[in-house]
Amino acid sequence: MVWHRTHGVCLFMVAALVSHILRSQYRTFGQLVTRSMSNVTYLGQEQAQNIDIELFDEYKFSIDQLMELAGLAVAKAVERSYPSKGEVLVVCGPGNNGGDGLVAARHLALFNFKPTVVYPKQPNKHPFNNLLHQLRGMDIDVLTSLPSDLAPYSCIVDAIFGFSFKGSGNIRAPFDTIIPALINTYVPIASVDVPSGWEVESGNSAGIQPDILISLTAPKLCAKHFTGRHHWLGGRFVPPALADKYKLNLPDYPGSDQIVII
């Protein structure tokens, strides 16, 4: 009986020691993560534009490549944030941010969402023509105006304006009515890179307040004003030399994931 009691005490002490070590390691990991997240690099508008130029000119990425990678990241972030799936409305602008939205809509359909695209201004040029052709080939509805009733949608992807946007007071039709509708809806919004209508560096407290934000390449300064549920980083394509040149401190992507929570 003495041996059993002693054995039991030893087992208890070992278990307590292991538990203490695990708790210490967990606290240390949590501190490291907190420090890493607090030191993430946020880009100003000019920096973001310069990085984009270098990706095209110095690293020879094509616009198709970057849109495909960005749109896939957006779709993955939406899938992770809204696992119940359902109907999703993807509102696209006429520029590259809108192109990311078109790609995201295609991937969302493959992820078993039911996307509808709103694309009021459709540039008649590459790669937008091909992206539209792909959507129609998958029987994805493409509208030219915002539906009057947004309630059926489980999520709205805001892919209207990106980091090239300037002047929240100069939004032209039809986006001058679309953005106020998105501000006033109760449907959760997933904004791509920059919430549409926000100044890239200072944000817009009276503008769209997204439920999730999907920053691309690196978060922009306006993301510091984001107060929603999840801030994702996507666009796992930055060459290490380019990240070093611009001193980008970005979180590590887990495994082979294309997105990471900031």
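Here are a few things to note about the model shown:
- Residue count for region 217-232 satisfying the condition of being over 14 Å from Ala48 (Cα atoms) and in contact (Cβ under 8 Å) with a residue 40 or more places away in the chain: 4.
- Filtering region 185-204 to residues that are in a loop (DSSP other than H, G, I, E, B) and more than 17 Å from Val157 (Cβ to Cβ) leaves Val200, Glu201, Ser202, Asn204.
- Where Gly207 falls short, out of the listed (1) more than 19 Å from Gln49 (Cβ to Cβ); (2) open to solvent by less than 40 Å² (accessible area, probe 1.4 Å); (3) in contact with a helix residue (DSSP H, G or I) (Cβ under 9 Å, 6 or more places away or on another chain); (4) modelled with pLDDT of 95 or more: (4)
- Which listed residue is among the β-branched types (Val, Ile, Thr), surrounded by 19 or more Cβ atoms within 10 Å (Cβ to Cβ) and in contact with a Pro (Cβ under 9 Å, 6 or more places away or on another chain), from Val90, Val103, Val74: Val90
- Residues satisfying the stated conditions in region 153-175, i.e. open to solvent by 70 Å² or more (accessible area, probe 1.4 Å) and either out of contact with any helix residue (DSSP H, G or I) (no Cβ under 9 Å at 6 or more places or on another chain) or over 23 Å from Gly71 (Cα atoms) (or both): Gly169, Asn170, Arg172
- Scanning region 67-102 for residues that are over 17 Å from Phe161 (Cβ atoms) and of a type in the set (A, V, I, L, M, F, W, C) yields Leu69, Leu72, Ala73, Ala75, Ala77, Val78, Val88.
- Evaluation of Leu182 against (1) in a loop (DSSP other than H, G, I, E, B); (2) open to solvent by less than 10 Å² (accessible area, probe 1.4 Å); (3) over 13 Å from Gly228 (Cβ atoms) (one fails), failing number: (1)
- Subset of region 168-179 [without any contact (Cβ under 8 Å) to a residue 40 or more places away in the chain and either part of a loop (DSSP other than H, G, I, E, B) or closer than 26 Å to Ile259 by Cβ (or both)]: Ile171, Arg172, Ala173, Ile179
The values are calculated or read from the model by the stated rules, or taken from the named source; none is laboratory data. Only a predicted model underlies this, so the values are computations on that prediction, with no experimental measurement involved. So basically every Cβ, Gly included, is an ideal-geometry build from the backbone, and we count neighbours across all protein chains shown. Surface accessibility is based on the protein's heavy atoms, side chains included, excluding ligands, DNA and RNA. Shrake-Rupley method; radii C 1.70, N 1.55, O 1.52, S 1.80 Å.
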